[in-house]
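Visitor: If you scroll down you'll find the structure; I have some questions about it.
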Amino acid sequence: MKCPFCGHVEDKVVDSRESREGDVIRRRRECLKCERRFTSYERIDEIPYMVVKKDGRRETFDRDKLLAGVLKACERRPIPTAKVEALVNAVEKYVQESRDRERPSEKIGQMIMRRLKELDQVAYVRFASVYRDFQDASDFKTTLSELTSLVKSNRNK
């Protein structure tokens with residue numbers, strides 16, 4: 001911290017107090033050169049994590065929106081809530097690990113579909129129908145044939 005009086009960069013913290021709301025820490029500092037005191041305030045960096053949509057738009061990552069979509073796909077399926085929670089946690093962790101604080105929605109969608117495919121095939125097809133924006137029955141048929149061939153190849157192993 002640079003002293004506002006003499007510009008020296010070394011100081012010591014004399015007192016620290018958290019604000020009532022808990023979002024700011026007030027620190028009383030003393031310059032080690034001129035011995036004058038000054039106050040600094042620290043705040044948590046609140047830059048949100050972003051999702052880059054297919055058309056290039058950026059949208060704030062919304063865990064609740066993600067959870068709602070996955071829950072809708074898993075509705076009336078024998079999938080434990082803990083598994084859904086773990087899936088959403090994994091996606092949230094993936095987004096938060098981004099150096100740029102953003103991830104493409106395409107990668108997020110693929111991650112969800114890959115995990116749903118392992119978890120429950122019906123939930124996978126439901127999610128895929130929304131994510132891939134199925135237009136007609138042939139889109140469903142294509143996805144089901146891919147899934148069927150994958151299941152057959154797994155059985156033969």
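Visitor: With Arg126, Arg155, Arg132 as the choices, which residue is at pLDDT below 85, surrounded by 13 or more Cβ atoms within 10 Å (Cβ to Cβ) and of a type in the set (Lys, Arg)? Working first, answer last.
Guide: Working: Arg126 fails: at pLDDT below 85; Arg155 fails: surrounded by 13 or more Cβ atoms within 10 Å (Cβ to Cβ).
Within the list Arg126, Arg155, Arg132, the selection yields Arg132.
Visitor: Next up: Could you count how many residues in segment 16-27 are of a type in the set (Lys, Arg) and on the phi > 0 side of the Ramachandran plot? Steps first, answer last, please.
Guide: So in segment 16-27, the residues of a type in the set (Lys, Arg) come out as 17, 20, 26-27.
From what is left, the residues that are on the phi > 0 side of the Ramachandran plot are none.
The number of residues fulfilling the criteria is 0.
Visitor: Of all residues being farther than 28 Å from Lys141 by Cβ and modelled with pLDDT under 95 in segment 95-123, which is surrounded by the fewest Cβ atoms within 10 Å (Cβ to Cβ)? Just the residue, please. Don't jump to the end; show me each part of the working.
Guide: Of all residues in segment 95-123, those farther than 28 Å from Lys141 by Cβ come to 95-103.
This time we only want the ones that are modelled with pLDDT under 95, so: 95-102.
Numbers: Val95: 19, Gln96: 11, Glu97: 9, Ser98: 14, Arg99: 5, Asp100: 8, Arg101: 13, Glu102: 16.
Out of the qualifying residues, it is Arg99.
Visitor: Please go through (1) farther than 30 Å from Glu10 by Cβ; (2) touching a Cys at 6+ places or on another chain (Cβ under 8 Å) for Phe38 and return the number of the only condition it doesn't satisfy.
Guide: (1)
Visitor: Next question, about the same structure. For Gly56, are the conditions met, namely being of a type in the set (Gly, Ala, Ser), in the same structural domain as Glu146 (by TED's automatic domain parsing) and buried (at least 17 other Cβ atoms within 10 Å of the Cβ)?
Guide: No; evaluated as a whole, the condition is false for this residue.
Visitor: Would you confirm, using the coordinates I've provided, whether Tyr41 is over 21 Å from Ala128 (Cα atoms) and among the aromatic types (Phe, Trp, Tyr)?
Guide: Details: over 21 Å from Ala128 (Cα atoms): yes; among the aromatic types (Phe, Trp, Tyr): yes.
Criteria met by Tyr41.
Visitor: Looking at segment 128-140, I want the residues that are free of Cβ contacts under 8 Å to residues at least 12 places away in the same chain and part of a loop (DSSP other than H, G, I, E, B) and have a partner that is charged (D, E, K, R) and surrounded by 14 or more Cβ atoms within 10 Å (Cβ to Cβ) with Cβ atoms under 9 Å, at least 6 apart or on another chain. Which pairs are those?
Guide: Short answer, once both residue conditions are applied: Arg132/Asp139; Asp133/Asp139.
Visitor: Right, here's the next one. Considering only residues that are surrounded by 12 or more Cβ atoms within 10 Å (Cβ to Cβ) and of a type in the set (Lys, Arg), look in segment 11-51 and name the one that is nearest to the chain's Cα centre (by Cα).
Guide: Among residues in segment 11-51 that are surrounded by 12 or more Cβ atoms within 10 Å (Cβ to Cβ) and of a type in the set (Lys, Arg), the one nearest to the chain's Cα centre (by Cα) is Arg26.
Visitor: Another question, if that's okay. Taking segment 10-27, which residues are assigned to a loop (DSSP other than H, G, I, E, B), at pLDDT below 95 and not polar (S, T, N, Q)?
Guide: Start the filter on segment 10-27 by keeping residues that are assigned to a loop (DSSP other than H, G, I, E, B), which leaves 10, 19-23.
From what is left, the residues that are at pLDDT below 95 are 19-23.
Listed by number, the residues that qualify are Arg20, Glu21, Gly22, Asp23.
Visitor: Are any residues in segment 69-88 loosely packed, with under 12 Cβ neighbours inside 10 Å and within 20 Å of Arg103 (Cβ to Cβ), and if so, which ones? Before the answer, list the steps.
Guide: Here is the first cut: in segment 69-88, the residues loosely packed, with under 12 Cβ neighbours inside 10 Å are 75-76, 78, 80-82.
Selection gives nothing.
Per-residue answers, yes or no, for (1) among the polar types (S, T, N, Q); (2) more than 21 Å from Arg126 (Cβ to Cβ):
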{"site": "Arg58", "(1), (2)": "no, yes"}
{"site": "Ile79", "(1), (2)": "no, no"}
{"site": "Ala82", "(1), (2)": "no, no"}
{"site": "Ala86", "(1), (2)": "no, no"}
{"site": "Asn89", "(1), (2)": "yes, no"}
{"site": "Glu97", "(1), (2)": "no, yes"}
{"site": "Gln110", "(1), (2)": "yes, no"}
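The values are calculated or read from the model by the stated rules, or taken from the named source; none is laboratory data. Note that the structure is a prediction, hence the values are computed from the model and not measured. Cβ atoms come from the backbone with ideal geometry, glycine included; neighbour counts cover every protein chain shown.
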